[in-house]
Each structure stands twice: as C-alpha cells, then as structure tokens.
Amino acid sequence: MSQPILKASVLSSAGPFAPVLIAGPSLGTSAAALWSAAATALEQFTVIAWDLPGHGLSPAATEPFSVADLSDSVAALVAGARAGGDIADRQSVYYAGVSLGGAVGLQLGLDHAASFEGVAVLCSGAKIGDADGWAGRAETVRNQGTPAVLTGSAERWFAPGFIDREPAVSAALLHSLQDADRFSYAFCCEALAEFDVSDRLGDITLPLLALAGGQDAVTPPSFAQFLAERTPNGAGAVVDDAAHLLPAEKPAETAELLRRFFGAAYQEGL
C-alpha cells in the first residue's frame, strides 16, 4: 500500500477569512464535474475539490492504496495548504465527500479529526457493497477500461429523468468516468472492498452530517441513518428525487444542508 498523490482545484473563493470546504469525489467522477454547481451555491465558503488517483487532475496510481491512505493524502493536502498560506490559521476547514469520497470523510474523522471542524458524508456508508462485487468490477475495468461500466454507472448515479433534464451535467460526469485511468479505478474498487468502519463509528466525535438520495440504490437512506445514529454528534437527512450524486443532482439543496449544518457546527465551536 502507498499514499497516493492527489491534486486539488479551487472551485469557488469567498475571501481570505471564509470557511473552507474540502470536497471529495465519487468513484469515476472528477471533483469539478461533481461539485461545481454546489460550490457556486455555497457562496459563504471557499470550496477546494480533490480528485481520486487517475481521475480529473490527479495522476494515475501505480500501486494499490487503501481508504486510509486516501485520507492521509487529503489531510496532507490541507496541511500543505495551511503551510503555504492558501488556508489561513483563522479559517475553519470542513469536509464533504460523496460515496468513496464520503468513506474518506469517515476515515478523516477517525484519523485526522484535528484538521477539520466537521464532516459531511454524502451517499456513502460505513461499508459500501461487498468485496466480491468490488473485485469483479475491478477486474472488468482493469481488462476492458471504464467504458465497460458506463451504462451501469449511469443507472446507479442518476434518478430517473435527470439525464434528460440535465444533459450537460450528466454528460460531463459520464465523460469523467470514461476518461478515468482504468488501473487507478480498479485500485479504488479494491480499496472499497476492504473498507468497513462499522464498528468504529462511535470514535468519530466531530459533528457529522450524513446525507442520502431518496432514490439511491447503492447507499440508500438507511445507510445515512445508520451513520447518524452511530456517531456521537451525527445528524442525517434525505434529499428526495435524487440518487447517488447529490451535489450534481440537487446542488442548491445540498448546499443549503451543508451551509446549515456547518454553520451550526461553527457557532458551537465559538
């Protein structure tokens, strides 16, 4: 296992003293395609989005990695931004991640809680899928490339009617999947196969918001409810008429839920 190299981009800037949101992607997506609309709606936050290995801006991985390795890399991004002055000492830092990015958020809550004021986990869970399913998908993509999973991903990612209503958004997300490095995608699948923090949720003491799409078949609302109930400072909410990619499907609603929750967390920390 190795700590992967991750690249990030600033999607929106709200000034030198604004709170910072580190936004994490879902498997197969670029952070910009997934988070841009929600970042625009998060007017009070500077939003910095990171990409998975071999996705978006991040270089391809050459070795396997774990979800814990990804969380170490995200924490290193934040530490580097603070050391370089891109994030000031007085700026509060929050995290929100989708699916695999949400799993990274849980791991950050376990291993790097001191770096964040709160965490939001979107369309994710303490354990996602099963090891055999992830191993099978990893093998398929490693051998055939990401186009082999385009159709299935489109069915899982979006609620019925979304592709017709938002063709540009859905096309950008599906193109990011098609462009992803097949070996890095397979490594991500294998990281998810090993991920299970179900027995450790009680150790996550940061304020934690678990959000679910009402029509998400991959990580249904019961997953968010489990996270909210098992973490000491957890809360949960369901966004109707959305499936697995909340920030892209419902950017305004997602932004409002994050703004409200992180605003409350900030006030409690004063």
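The values are calculated or read from the model by the stated rules, or taken from the named source; none is laboratory data. On a predicted model such as this, the values are computed, not experimentally measured, just so you know. Counting neighbours? That spans all protein chains shown, and the Cβs are built from the backbone with ideal geometry, glycine included. All accessible areas refer to the heavy atoms of the entire protein, side chains included, with ligands and DNA or RNA removed. Shrake-Rupley method; radii C 1.70, N 1.55, O 1.52, S 1.80 Å.
Restricting attention to segment 194-207, does a residue exist that is among the aromatic types (Phe, Trp, Tyr), open to solvent by less than 50 Å² (accessible area, probe 1.4 Å), in contact (Cβ under 8 Å) with a residue 40 or more places away in the chain and part of a helix (DSSP H, G or I)?
No, segment 194-207 contains no residue that is among the aromatic types (Phe, Trp, Tyr), open to solvent by less than 50 Å² (accessible area, probe 1.4 Å), in contact (Cβ under 8 Å) with a residue 40 or more places away in the chain and part of a helix (DSSP H, G or I).
Is it the case that some residue within segment 61-71 is closer than 26 Å to Arg259 by Cβ, open to solvent by less than 30 Å² (accessible area, probe 1.4 Å), hydroxyl-bearing (Ser, Thr, Tyr) and in contact with a strand residue (DSSP E or B) (Cβ under 6 Å, 6 or more places away or on another chain)?
Scanning segment 61-71 turns up no residue that is closer than 26 Å to Arg259 by Cβ, open to solvent by less than 30 Å² (accessible area, probe 1.4 Å), hydroxyl-bearing (Ser, Thr, Tyr) and in contact with a strand residue (DSSP E or B) (Cβ under 6 Å, 6 or more places away or on another chain).
Just checking: which of the strands (runs of 3 or more DSSP E) contained wholly in segment 1-92 hold 1 or more residues that are more than 16 Å from the chain's Cα centre (by Cα) and touching a residue at least 12 places away in the same chain (Cβ under 8 Å)? Steps first, please.
Working: elements: 8-12, 20-24, 46-50.
Fully inside segment 1-92 and qualifying: 8-12, 46-50.
Report the residue count in segment 227-251 for those that are among the hydrophobic types (A, V, I, L, M, F, W, C) and open to solvent by 60 Å² or more (accessible area, probe 1.4 Å).
Of the residues in segment 227-251, 1 are among the hydrophobic types (A, V, I, L, M, F, W, C) and open to solvent by 60 Å² or more (accessible area, probe 1.4 Å).
Just the residues that are of a type in the set (Gly, Ala, Ser), closer than 15 Å to Gln91 by Cβ and surrounded by 15 or more Cβ atoms within 10 Å (Cβ to Cβ), please, taken from segment 1-33. Spell out the reasoning first.
Filtering segment 1-33 for residues of a type in the set (Gly, Ala, Ser) gives 2, 8-9, 12-15, 18, 23-24, 26, 28, 30-33.
Add one more test, that the residue is closer than 15 Å to Gln91 by Cβ, and what stays is 12-15, 18.
Result: Ser12, Ala14, Ala18.
Just wondering, is there one or more residues in segment 139-146 that are assigned to a helix (DSSP H, G or I), in contact with a Cys (Cβ under 9 Å, 6 or more places away or on another chain), open to solvent by less than 10 Å² (accessible area, probe 1.4 Å) and under 30 Å from Ala18 (Cα atoms)?
Within segment 139-146, none of the residues are assigned to a helix (DSSP H, G or I), in contact with a Cys (Cβ under 9 Å, 6 or more places away or on another chain), open to solvent by less than 10 Å² (accessible area, probe 1.4 Å) and under 30 Å from Ala18 (Cα atoms).
In the list Leu110, Leu122, which residue meets the criterion of being in contact (Cβ under 8 Å) with a residue 60 or more places away in the chain and crowded, with 22+ Cβ neighbours inside 10 Å?
The match here is Leu122.
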